[in-house]
Amino acid sequence: MIGEGNPEWAGGIGYEPYCNKFNDEFKERVRAFFDHECLICGKREGELIRRLHVHHVNYDKKVCCNGNRPLFAAVCPKHNILANMNRDRWQYIFTYIIDEIYGGKCYYTREEYRSLGLQ
């Protein structure tokens, strides 16, 4: 089921554009921060057919531009799909992991990324 008939329908927010700061370079800084492993299952990017997804923990596509707390998670395709069901639960899980294990941080700044020799 697609569109309004789908129980996960959220009013068409999936068609809204992302903030222009959410670009390929930024996504790579998120993936690198999590060592190219899925935050949930630990599957490494090299084991996957595709790159890890960079998931907006707060489901806010404008978060890089609007001043809200930017939280992201690098996740495998399976967990990215699951995270779009029962969103409140997944938001809690991701936020808890990021706050408790990573001290509230979820990506490298440009400066950190460069100083690590990752760019």
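The values are calculated or read from the model by the stated rules, or taken from the named source; none is laboratory data. Quick caveat, the model's predicted, so the values are computed rather than measured. Reconstructed Cβ throughout: ideal geometry from the backbone, glycine too, with neighbour counts over all protein chains shown.
Numbers below:
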read-out: Trp90, sole failed condition from (1) surrounded by 14 or more Cβ atoms within 10 Å (Cβ to Cβ); (2) over 12 Å from the mean Cα position of the chain (by Cα); (3) farther than 30 Å from Gly117 by Cα; value: (2)
read-out: Per-region count, segment 87-100, residues within 16 Å of Ala32 (Cα to Cα) and out of contact with any Gly (no Cβ under 9 Å at 6 or more places or on another chain); value: 0
read-out: Subset of segment 34-69 (residues that are small (Gly, Ala, Ser) and over 25 Å from Pro17 (Cα atoms)); value: Gly42, Gly46
read-out: Candidate set from segment 21-57 (those that are part of a helix (DSSP H, G or I) and in contact with a helix residue (DSSP H, G or I) (Cβ under 9 Å, 6 or more places away or on another chain)); member that is surrounded by the fewest Cβ atoms within 10 Å (Cβ to Cβ); value: Glu25
read-out: Tabulated pairs, segment 32-48, first on the phi > 0 side of the Ramachandran plot, second modelled with pLDDT under 95, C-beta under 6 angstrom, 6+ apart or interchain; value: His36/Glu45
read-out: Number of the condition not met by Gly11 [criteria: (1) surrounded by fewer than 12 Cβ atoms within 10 Å (Cβ to Cβ); (2) modelled with pLDDT under 90; (3) not in a loop (DSSP other than H, G, I, E, B)]; value: (3)
read-out: Given (1) of a type in the set (Val, Ile, Thr); (2) over 13 Å from the mean Cα position of the chain (by Cα); (3) under 24 Å from Lys21 (Cβ atoms); (4) modelled with pLDDT of 95 or more, index of the condition Thr109 fails; value: (4)
read-out: Residues within segment 101-119 that are farther than 17 Å from Asp35 by Cβ and not small (Gly, Ala, Ser), tallied; value: 3
read-out: Verdict on Lys78 being over 15 Å from Tyr107 (Cβ atoms), part of a helix (DSSP H, G or I) and among the charged types (D, E, K, R); value: yes
read-out: Where a residue in segment 17-30 is at negative phi and in contact (Cβ under 8 Å) with a residue 40 or more places away in the chain and its partner, wherever it lies, is part of a loop (DSSP other than H, G, I, E, B) and surrounded by 11 or more Cβ atoms within 10 Å (Cβ to Cβ), with Cβ under 6 Å and at least six apart; value: Tyr18/Lys61; Cys19/Lys62; Arg29/Tyr107; Arg29/Tyr108; Val30/Tyr107
read-out: Residues satisfying the stated conditions in segment 62-72, i.e. crowded, with 17+ Cβ neighbours inside 10 Å and in contact with a Gly (Cβ under 9 Å, 6 or more places away or on another chain); value: Leu71
